[in-house]
1. Between Val29, Val52, Val105, find the one with the highest GNM mean-square fluctuation for the chain; connect C-alpha pairs within less than 10 Å.
2. In what sequence do Asp21, Asp58 fall when counting other Cβ within 10 Å, fewest first?
3. Using only Cα atoms, tell me the angle between helix 58-78 and the longest principal axis of the chain; keep it within 0 to 90° and round to the nearest 10.
4. Name the residue from Val112, Ser80, His68 whose Cα lies farthest towards the positive end of the charge dipole of the chain, charges +1 on Cβ of Lys and Arg and -1 on Cβ of Asp and Glu.
5. Work out Dmax and Rg for the stretch 3-95 from the C-alpha atoms and quote the Rg first, both in angstrom.
6. Quick one: helix 26-50 against the long Cα principal axis of the chain, what's the angle to the nearest 10°, folded into 0 to 90?
7. State to the nearest 20 debye the size of the charge dipole of the chain about its Cα centre, where the only charges are +1 on K and R beta carbons and -1 on D and E beta carbons.
8. Order by neighbour count: Lys102, Lys88, fewest other Cβ atoms within 10 Å first, most last.
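Derivation of every value follows stated rules applied to the coordinates shown; laboratory data play no part. Given the structure is predicted, the values throughout are model-derived calculations rather than measurements. Every residue, glycine among them, receives a Cβ derived from its backbone with ideal geometry; neighbour counts consider all protein chains shown.
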Amino acid sequence: MSVLDDLGRLSAAEEFFAYLDVPFEPTIVQVARLHILRRMGQYLKGSEIDGVFDGLSDDEIRDQCRSHLDQAYQDFVASSPIQERLFKVHKDAVAEKAEPAKPFVALTTLSVVNKAD
């Protein structure tokens, strides 16, 4: 069983920290758990794409994963989930919004209806 397989079986953020032996402050993880794991996933995906894991032993892959989790955690020690904007809802909150179209009815399209009948 590889380290990446083991990580795939974990669910709680605290399990990742315990498995990879990364120290953490519970109050930070309670606020930013999903953000930390998502950022770690981004770092892992980047390493995978760059071929960083190719030819590494399980211990070396574990060290890389530990480094990515610690880096992701430190991102949220120094910042906040809203500042980092990893999720669509946070990105949408600051995205420039298009001005809504104002309905336009040309005067020439209006007609007078005689209700005196």
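1. Val105
2. Working: Asp21 9, Asp58 13.
By the 10 Å Cβ count, ascending, the order reads Asp21, Asp58.
3. 50 degrees
4. Result: Val112.
5. Both quantities, over Cα of the stretch 3-95: 13.7, 43 Å.
6. Around 80 degrees separate the two axes.
7. On the way: 13 positive and 20 negative charges, 206 e Å.
Value, rounded to 20: 980 debye.
8. Values: Lys102 5, Lys88 9.
Placing the least packed residue first, the sequence is Lys102, Lys88.
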